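**Q** Please find one structure pasted underneath; my questions will follow.
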Amino acid sequence: FPVDEEHPTLCSDPYSFSKKINEETGQYYWEKDGISSIAIRIPWVRPCPPGQDRLKVQRDEVDTFFRIRNLWIWIDARDSARAFADALEKPYEGFHVLHVNDNVNTAGIPSRELAARFYPEVTQWKQPVEGMEALISCRKAKELLGWEPIFNTQLD
């Protein structure tokens, strides 16, 4: 942890298989024809109107398995839209895979505690993770596009 774009991907269902094929296609067109593109990896997208407690929404609407499988992350629909717009409008060259998600986990408890409880086999960490910081890193999106989540990035 934190998971980043270099983390190995596993195909566990038709959706993940299609995402992997799309990423390989993007890499192919960059290598063959020099066509730049970005594959955006987004988690569960949920609009959260102002005044709504996003953590309560998460706990009420998403079952535990789904939250564990997605490492307790989500993205506000507006931040997701901004990431796609940035991928279309900002200058870059090459093919890139980018994670875009909120900066904090949805469980409401420290991320290291979550990792220790549900992924005890993970003993080495790529980078320090503080407090409820997300277990999936968006560093590459920040570096390449200047993208950062701006909606619901702080715990209420």
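The values are calculated or read from the model by the stated rules, or taken from the named source; none is laboratory data. Just so we're clear, the structure is a prediction, and the values are computed from it rather than from any experiment. Quick note on the areas: whole protein, heavy atoms, side chains included, nothing else; ligands and nucleic acids left out. Shrake-Rupley method; radii C 1.70, N 1.55, O 1.52, S 1.80 Å.
**Q** Run the numbers for D4 and I109: contour at 0.36 nm per residue of separation, minus the present Cα-Cα distance, in nm.
**A** 35.7 nm
**Q** Please compute the Kirkwood hydrodynamic radius over region 88-156, one decimal place, Å, based on all pairs of different Cα atoms.
**A** One over the average 1/r among Cα pairs gives 13.7 Å for region 88-156.
**Q** If you stretched the chain out fully between E89 and D33, how much longer would it get, using 0.36 nm times the residue separation minus the C-alpha to C-alpha distance?
**A** Gain in length upon complete extension: 18.1 nm.
**Q** Using a 1.4 angstrom probe with every protein chain in place, what is the largest-first accessible-area order of C138, C11?
**A** If we order C138, C11 from most to least accessible, we get C11, C138.
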